[in-house]
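The structure appears below as structure tokens.
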Amino acid sequence: MAMKRHSASCHCGAVKVELDFDTAAGTSRCNCSICRKSRWWGANVKPEAVRALSGEENTFVYSWGSKSIDLHYCKTCGIRLYGRGDIPQIGGKFFAFNVACLDDVSDEEFAAIPVRLCNGRDNDWMHEPKVTSYL
Ligand SMILES: [Zn+2]
């Protein structure tokens, strides 16, 4: 696959985003406290890759700890569609989105998307956790 314009939305459709993303560039799943509990399947793009975003006024923001990322949840359906962060160690500002919310990807394409497993729980993001089968 290659860089392509994708659309994603929350469950009820109140919040929508269009962004440029190459699914082959990879996505991640992580065992940190929030990823594990929310079953987050995420990918990051540069803020410039976001082409359109609507419904942000219908989101609430959750942030915790070092507050390095603002997670946006739809007020109506509760789906977390995206977050904005700024972490110098991974290249500064980024837009994180929920890969499972892509609306224009077939089952076969979802199955082919590479997933990197991260040991976020131990702040060891570049390595896989010892146990990964449940992620
Ligand atoms: Zn919604």
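The values are calculated or read from the model by the stated rules, or taken from the named source; none is laboratory data. Since the structure is predicted, the reported quantities are computational estimates derived from the model, not experimental observations. Ideal geometry is used to build each Cβ from the backbone, glycine not excepted, and the neighbour counts take in all protein chains shown. Side chains included, ligands, DNA and RNA excluded: accessible areas come from the protein's heavy atoms. Shrake-Rupley method; radii C 1.70, N 1.55, O 1.52, S 1.80 Å.
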Query - Loop-exposed trypsin sites (Lys or Arg not before Pro) per DSSP, neighbour cap 11 Cβ within 10 angstrom, longest uninterrupted part of the chain - result: 68-129
Query raised in the report: How many nm separate the modelled label positions at Asn58 and Lys4, each set 7 Å beyond the Cα in the direction of the Cβ?
Result: 2.6
Query raised in the report: Points 7 angstrom from Cα along the Cβ direction at Arg116 and Ala24: gap in nanometres?
Result: 1.7
Report summary line: Given unit charges at Cβ for Lys, Arg (+) and Asp, Glu (-), the dipole magnitude of the chain about its Cα centre in debye, nearest 20, is 440
**Report entry** Lysine pairs in region 17-135 with Cα atoms under 26 Å, if 8 or more residues apart or on separate chains
**Finding:** 11
Query raised in the report: Does the chain classify as rounded, prolate or oblate by the C-alpha gyration tensor (a ≥ b ≥ c root eigenvalues; a/c under 1.5 gives rounded; else a/b over b/c gives prolate, otherwise oblate)?
Result: rounded
Query - Accessible surface of the chain, 1.4 Å probe, proportion on carbon and sulfur as whole % - result: 52
Query - Loop-located chymotrypsin sites (Phe, Trp or Tyr not before Pro) in region 24-68, at most 15 other Cβ atoms within 10 Å (DSSP) - result: Trp64
Requested in this report: Counting only DSSP beta bridges with both residues in the chain, tell me the antiparallel percent, nearest 5.
Outcome: 90
Query raised in the report: Using only helices, what value at 222 nm comes out for the chain when you add -39,500 (n - 2.57) per DSSP H run of length 4 or more and divide by the total residues, to the nearest 500 deg cm²/dmol?
Result: -2000 deg cm²/dmol
Query - Cβ-based charge dipole, region 4-122, positive-most Cα from Ser33, Ala100, Asn58 - result: Ser33
